[in-house]
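Accompanying notes for the structure given below.
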Amino acid sequence: MKAERDFLVQKLKDAGIHGKIHESMKSLKNCNEVHVGAVLRTGEDFTRSGSKKKYTDQEGHRKQRNKLFERTSELHVVIADTDEAKVEEILTNFLKSISKGLEVNGNWVDIEIGKADWVEGDDSILKSKIAVEFDVILTGGIYVDTDIITAKVDSVEANKE
């Protein structure tokens, strides 16, 4: 989950958040800034999977990839500022920069954006006038690769007794 969180933090910085990107609710509550960005962990689910796929690696060896678990991680993103137009601009830049997924350790992780909630100044714990909060759902898996051994017919000899 660290690579995915770091990816989202970098995308927030690229979208226009400067300064510290908060990664915990305690840090977010204690901040006195009006220009705020945060990526918070909210949860992770694991579901057993029996998926199998055979492939050939770059060296020409046959392998089987077993998906042991389907992994769904949920991160909560907060963008806040003094002006709705600034928040809208940062949100738009962030959404433009997010792809359909990313590669983590050679495995593909899908990215989906959840429903956005707009929060006015008095309804928020932040010092900002307005904030947008939304969840980012990341779906990947836990995999194990095993070698597929093929026997050559020419090397097998039958014993006659």
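The values are calculated or read from the model by the stated rules, or taken from the named source; none is laboratory data. Model, not experiment: these values are computed from the prediction. So basically every Cβ, Gly included, is an ideal-geometry build from the backbone, and we count neighbours across all protein chains shown. Ligands, DNA and RNA are excluded from the accessible area calculation, which covers all protein heavy atoms including side chains. Shrake-Rupley method; radii C 1.70, N 1.55, O 1.52, S 1.80 Å.
Quick rundown of the values:
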read-out: Residues of segment 13-45 classified as open to solvent by 50 Å² or more (accessible area, probe 1.4 Å), assigned to a helix (DSSP H, G or I) and within 15 Å of V77 (Cβ to Cβ), total; value: 3
read-out: Subset of segment 34-49 (residues that are touching a Ser or Thr at 6+ places or on another chain (Cβ under 8 Å), farther than 23 Å from T139 by Cβ and not β-branched (V, I, T)); value: H35
read-out: Residues of segment 83-106 that turn out to be outside any helix (DSSP H, G or I) and either exposed (fewer than 14 other Cβ atoms within 10 Å of the Cβ) or in contact with a helix residue (DSSP H, G or I) (Cβ under 8 Å, 6 or more places away or on another chain) (or both), as a count; value: 9
read-out: Filter result for V109 (open to solvent by less than 20 Å² (accessible area, probe 1.4 Å), touching a residue at least 40 places away in the same chain (Cβ under 8 Å) and farther than 16 Å from V87 by Cα); value: yes
read-out: Selected residue (only one of Q58, Q64, Q10 is of a type outside the set (A, V, I, L, M), farther than 19 Å from K127 by Cα and part of a loop (DSSP other than H, G, I, E, B)); value: Q58
read-out: Qualifying residue in segment 113-127 (condition: within 16 Å of I17 (Cβ to Cβ) and at pLDDT below 90); value: yes
read-out: Residue that is least open to solvent (accessible area, probe 1.4 Å) [pool: residues in segment 46-55 that are modelled with pLDDT of 90 or more and assigned to a loop (DSSP other than H, G, I, E, B)]; value: S49
